[in-house]
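S.K.: The structure that follows is given in the form of structure tokens.
The values are calculated or read from the model by the stated rules, or taken from the named source; none is laboratory data. Keep in mind that what you see is a predicted model, and the values were worked out from it rather than measured. Neighbour counts run over all protein chains shown; Cβ positions are idealised from the backbone, glycine included. To get the accessible areas, we keep the full protein, side chains included, count just its heavy atoms, and leave off ligands, DNA and RNA. Shrake-Rupley method; radii C 1.70, N 1.55, O 1.52, S 1.80 Å.
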Amino acid sequence: MKLAEDYLRLRKAFSGRKEGEPFRVTIDGLSGALYCTPRNARLILRKMEDAGMIRYAAGRGRGHLSEVTFLADKRELVIREAQQFVKQGDVQSALIWVKEQADEPEVRERFMDWLSRYFGYRTETVGEDRMMETLRLPIHRPIVTLDPADAMYAFDTHMIRQIHATLVEPEIGTGKVCPGVAHHWESSADACRWTFYLRKGVTFHDGTELTADDVKYSLQRVQQASKNHCWLVRDIVEIHAESRYMVRIELRQPNVLFASFMSHTAASILSRGSGESGTGAIPGSLPVGAGPYRIAKFTPGICVLEVFPGYYGARGQMDRVEVMIIPDTGGEWAVETNPGVLVVETGEAERQELETWRRSRLVTGCSMLTLNFAKPGILQNGAFRKALGHAVDRNRMVRELGYPHASPCLGFHLEPQPGAADPLYDPGEAARELKRSGYGGEALKLYAYRRHEQAAYWLQQQYGQAGIRLDVHILPWEDLMKEERIREADLILFEALLSEGLLRQIEYFLSRYSFIRSALDAGMQAEVDRLAGQLLQEPEPEARNKAFQRLEAWLMERSTAVYLTYNEARVLSHPAQQGVRLNAAGWVDFKDIWFKGEG
């Protein structure tokens, strides 16, 4: 890399010299172009000659002319070096390199064409008779953390499900749970004592057997107050490893959904022997799980998964999955759709339509604005909060912004068949409530991710027409999770994932790091806890639904949020790719993917 930079620096300094044509120059001239001493310049020139980049004949004595001939095509060199960055899992450095070094648009176009073709399905022969299948996926969002106890974002938790196992697993489409590491479980009549019976012979990626002690260690780790998901296990009083394969858990109050709680990614079972180094929480360490894939490499630019043959469930058909992070470039660089690529669309990048591809879609959640009740100011005024709800034309938002906005959303739940009606939009009522509030035109801080940037500025314009000023701040994923950012924001625009069912909705109410709970003041949080506790004690689904409706109604009566639109996720797949199905999180489980060859 450094040698290529030096070569291009020389080419720039002697831009009038063509390849294959020798020219004479002093060593001082060469060292000046390379920004180094004459001695180091000679070393660099010899390395270039060994690499076939130049021919070099040194002049004898100081001040005598040396002869240099450029041999390497600078355009090919730029592309080749950029390709090496990508193969090492660093797409961002590749894009920066091409941007800095490529003088001609043709070079950028050729590299981006190669990058588009680099992704997709590949096969190679390993040994004498084994074929290894690899899927390279471009993803337009970072992996913030792979620590189950702290992961908050949907893509992070999706990756964790590929790596880790839980006592029970969510059953697709039913809201129920099915056996995971535990083959059976039972609870006491009052739902305060739960017992899980583990499968024998389940192993972690390091070959050690998963036992009751690992379950105890993992849940106690989540109980630490510093962990983002300590809400999940806050009612656990005692965890008893009764035997090697039996765990008994005592709760301080009834929770009829506790088995569902144990399907949450935060309840992933970690190896107690690997400690923090096996969680991925320590920089440079790799998680040690018991899921269908193990991590072979993890850097900010790439996460490489390899199938785990010892997985207790069905083996993944794809031998290797390379998840490559495509940095946000504001549309300056676009990776075209490649017929070998599986594309999960979540709104970060535009995709070309391919008629021969199959498309699946799923309504995953709702975009919404949380209102910061914990901050003094105009948001404490109920009339102003009502004005915020009435001032947004949700149908217009869907029309003008398009995908992933699908239809108006009027509450914190998924409608079986979302309609196009928006009874909340009432500009006249918004104006009356705004006047009643005594709003003086002060600006409100709206924070959002890059993914929601377009919607944030659309809302700024929409509210501006109603006389409400918004200052938009676009923040990186990890930055918006910081407590100080949450405290200083007046409004946070994000998408609440609702398709994972009641457990995910409860998380938004109980997790102190959720944008919904963190926007409430202490008194409101206490009332939410009380109402959620009632919900968890209802044994019948119908009674639970009513308890949830009471909680949702309590929040809506106080205008704690502005619900905007239902959003959907889409997946595009080549007809030869099988097992492609969106899960409740809006992603595709890698272990289910396989490729149907031609004949």
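S.K.: Quick one: work out the % antiparallel among DSSP beta bridges in the chain, nearest 5.
M.R.: Values: 74 of 88 bridges.
Percentage antiparallel, nearest 5: 85.
S.K.: Cα axis of helix 453-465 to longest principal axis of the chain: angle in degrees, 0 to 90, nearest 10?
M.R.: In the chain, helix 453-465 runs at an angle near 60 degrees to the longest axis.
S.K.: May I pose another question? Show me, for region 550-557, the HN-Hα J-couplings you get by feeding each phi into the Karplus relation (A = 6.51, B = -1.76, C = 1.60, θ = phi - 60°), rounded to Hz, glycine and proline as x.
M.R.: These are the phi-based 3J(HN,Hα) values: 5, 5, 5, 5, 4, 5, 6, 4 Hz.
S.K.: So how do SER116, SER226 rank on accessible area, 1.4 Å probe, biggest first, that is with the largest at the start?
M.R.: Details: SER116 10, SER226 80 Å².
The residues order as SER226, SER116, largest area first.
S.K.: Enter the angle in degrees (range 0 to 90, nearest 10) between the Cα long axis of helix 91-101 and the first principal axis of the Cα atoms of the chain, meaning the one along which they spread out most.
M.R.: 40 degrees
S.K.: A follow-up question, please. For a quick check of understanding: with a 1.4 angstrom probe and all protein chains in place, what accessible area in square angstrom does ARG504 have, to the nearest ten?
M.R.: Solvent-accessible area, nearest 10 Å²: 20 Å².
S.K.: So how strong a dipole does the chain carry about its Cα centre when Lys and Arg Cβ are +1 and Asp and Glu Cβ are -1, to the nearest 20 debye? Intermediate values should be presented prior to the final figure.
M.R.: Working: 75 positive and 80 negative charges, 226 e Å.
Magnitude of the dipole: close to 1080 debye.
S.K.: Per residue, what accessible area does the chain have, given a 1.4 Å probe and all protein chains present, in Å²?
M.R.: Values: 26590 Å² over 599 residues.
The answer is 44 Å² per residue.
S.K.: While we're on this one: Ranked from highest to lowest mean number of other Cβ atoms within 10 Å per residue, what is the order of the peptides 381-387, 396-402?
M.R.: Working: 381-387: 19.4, 396-402: 15.1.
Descending mean neighbour count gives 381-387, 396-402.
S.K.: Percent relative contact order of the chain, based on C-alpha pairs within less than 8 angstrom and at least six residues apart? Write down the numbers at each step before the final one.
M.R.: Details: 1141 pairs, mean separation 86.1, N = 599.
Reported relative contact order: 14 percent.
S.K.: Keeping every protein chain in place, order LYS99, LYS12, LYS74 by accessible area at 1.4 Å, biggest value first, i.e. largest first. Write down the numbers at each step before the final one.
M.R.: Details: LYS99 100, LYS12 165, LYS74 70 Å².
Largest to smallest exposure gives the sequence LYS12, LYS99, LYS74.
S.K.: Using 27 Å as the Cα-Cα cut-off, could you pick out the over-long pairs in LYS12/LYS47; LYS176/LYS216; LYS200/LYS227; LYS47/LYS99; LYS375/LYS546; LYS200/LYS596?
M.R.: Values: LYS12/LYS47 19 Å; LYS176/LYS216 23 Å; LYS200/LYS227 30 Å; LYS47/LYS99 25 Å; LYS375/LYS546 31 Å; LYS200/LYS596 34 Å.
Too far apart for the 27 Å limit: LYS200/LYS227; LYS375/LYS546; LYS200/LYS596.
S.K.: So, one more: Taking only the alpha carbons of region 405-550, what extent do you get along each of the three principal axes, in Å, biggest first?
M.R.: 48, 36, 31
S.K.: Could you rank VAL222, VAL363 by how accessible they are, 1.4 Å probe, largest area first?
M.R.: Values: VAL222 5, VAL363 45 Å².
Heavy-atom accessible area, descending, gives VAL363, VAL222.
S.K.: Mind pulling the per residue volume of the convex hull built on the Cα atoms of region 236-330? Å³ is fine. Kindly include the intermediate steps, with their values, before the conclusion.
M.R.: Details: hull volume 17.1 nm³, N = 95.
In region 236-330, the Cα hull volume divided by residue count equals 180 Å³.
S.K.: Let me ask something else about it. Over the heavy atoms of GLU540, what accessible area does a 1.4 Å probe trace out, to the nearest 10 Å²?
M.R.: Rounded to the nearest 10, that gives 110 Å².
S.K.: Turning to a different aspect of this structure: Tell me whether region 37-168 comes out rounded, prolate or oblate; compute the Cα gyration tensor, take square roots of the eigenvalues as a ≥ b ≥ c, and use a/c under 1.5 as the rounded threshold.
M.R.: Details: a/c = 2.62, a/b = 2.34, b/c = 1.12.
Prolate, since a/c reaches 1.5 and a/b exceeds b/c.
S.K.: Could you list, by residue number, the cysteines of the chain that have no other cysteine's beta carbon within less than 4.7 Å of their beta carbon?
M.R.: CYS36, CYS178, CYS192, CYS230, CYS303
S.K.: Sum -39500 (n - 2.57) across every DSSP H segment of at least 4 residues in the chain, then divide by the residue count to get the 222 nm mean residue ellipticity, nearest 500. Before the final figure, lay out each step's value.
M.R.: Numbers: 19 runs with 193 residues, N = 599.
Here the helix-only value at 222 nm equals -9500 deg cm²/dmol.
S.K.: Out of these labelled values of Rg and Dmax of the Cα atoms in Å, (1) 36.8, 123; (2) 25.7, 78; (3) 28.5, 96, which was calculated from the coordinates shown here?
M.R.: Checked against the structure: label (3).
S.K.: On the accessible surface of region 1-122, probed at 1.4 Å, how many percent belong to carbon and sulfur atoms? Each step should come with its number before you reach the end.
M.R.: Details: 3060 of 6690 Å².
Of all accessible area on region 1-122, carbon and sulfur atoms account for 46 percent.
S.K.: Could you tell me how far the Cα centroid of region 186-223 sits from the Cα centroid of region 502-556, in Å?
M.R.: 27 Å
S.K.: Taking the simple approach of a point 7 Å from Cα along Cα-to-Cβ for both LYS176 and SER188, what is their distance in nm?
M.R.: Label at LYS176, label at SER188, 2.6 nm between them.
S.K.: If you don't mind, there's one more thing I want to ask. Which percent of the accessible area of region 394-478 is formed by carbon and sulfur heavy atoms (probe 1.4 angstrom)?
M.R.: Numbers: 2110 of 4330 Å².
The computed percentage sits at 49.
S.K.: Here is a follow-up. Taking only Cα atoms, what is the 0 to 90° angle, nearest 10, from helix 38-50's long axis to the longest principal axis of the chain?
M.R.: 80 degrees
S.K.: Based on the Cβ-Cβ distance from LYS445 to ARG399, what FRET efficiency comes out when R0 is 22 Å, to the nearest 0.05?
M.R.: Computed FRET efficiency for LYS445 and ARG399: 0.20.
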